[in-house]
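Nothing in this text is a laboratory measurement; each read-out follows from the coordinates by a stated rule. All of these numbers come straight from a predicted model, not from anything done at the bench. Cβ sites come from the backbone with ideal geometry, for glycine too, and all protein chains shown count toward neighbours.
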Amino acid sequence: MPVTEAEVLALRRDHPGIGVLARETRPTTLLMARWRALLAAQPLTGQPDVVAVTVGMRGIAGGGSWIRQDYGLVLDVSALHRRLPTVWITAPTDVQIRHVNIWRSADDGAWCPWLGMRLPYVCWFTYADAWSGASPSNRTLGAALEYVKQLLNTENHDSPAR
C-alpha cells in the first residue's frame with residue numbers, strides 16, 4: 001500500500017517534525033490514484049501518493065560514544081511495502097557522523113533525488129531481513145520509523161558502512 005498524507009499526519013504525535021517532502025508525479029501513477037479514488041467504497045481525497053518524508057530523530061553519536069545526537073532524515077517511502085526505505089542523513093554533516101551504521105556520502109546510493117545532493121545514508125544490514133520477513137500489513141511508515149530509531153540508538157559493529 002502506498003503511503004498517504006493521512007498516515008504521515010497520524011505520526012505527528014510521536015514524530016512532531018515529520019512532513020511530506022515529495023509526492024508521486026508520474027502521470028501513470030497519478031491516473032492510477034484517480035482510479036483508486038473512483039473505485040473506493042469510501043471517498044478518497046485524491047492526493048498523490050507520498051514518496052518521501054522528512055523527520056528529525058534522536059539517536060547516539062556512535063563511534064563507541066553513547067552521547068545523544070539529533071539526526072535530520074529523509075526517507076524514500078515509494079516502495080515501503082516491498083523494502084526498507086533508503087534513509088539519508090541531512091544532519092549532522094558527513095564529517096561529524098561517527099555512527100558505524102551510516103554509509104558515507106561518497107558511497108554508491110548516496111544520491112538523494114529530492115534534495116539533489118549526495119548525503120550519508122543508513123546501512124540496514126540485517127534489519128532488511130526482518131523487514132522482508134514481516135507481513136506486508138506490518139510494513140508501514142510507523143514501523144519503518146521504529147526501525148530507524150532502533151538502528152540510530154545502537155551500533156552493529158559488523159556493519160560494513162564505516
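Some points to look at:
- Relative contact order for the chain: 21 percent, from Cα pairs under 8 Å spaced at least 6 residues apart, divided by residue count.
- Computed lengthening from residue 25 to residue 138, 0.36 nm per intervening residue step minus Cα-Cα distance: 38.1 nm
- Length added when fully stretched, residue 13-residue 111, from 0.36 nm per residue minus Cα-Cα: 32.3 nm
- Angle in degrees between helix 141-152 and the longest Cα principal axis of the chain, rounded to the nearest 10: 0 degrees
- In degrees, nearest ten, helix 27-39 long axis to first principal axis of the chain (Cα): 60 degrees
- Extended-chain gain in nm, criterion 0.36 nm per residue less alpha-carbon gap, residue 95 and residue 65: 9.2 nm
- Cut-off under 5 Å, modelled amide H: who pairs with residue 23 long-range: 51
- Over the chain - Rg/Rh using Cα atoms and the Kirkwood inverse-distance radius: 0.99
- The simple spin-label model puts a point 7 Å past each Cα toward its Cβ; for residue 125 and residue 83 those points are separated by 1.9 nm.
- FRET E, pair residue 158, residue 47, Förster distance 25 Å, beta-carbon r, rounded to 0.05: 0.05
- The trypsin sites (Lys or Arg not before Pro) of segment 51-89 meeting both criteria, a DSSP state outside H, G, I, E and B (loop) and at most 11 other C-beta atoms within 10 angstrom of the site's C-beta, are 82.
- Annotation: amide H of residue 79 has no partner in the under-5 Å range at sequence separation 5 or more or interchain, hydrogens built in the peptide plane.
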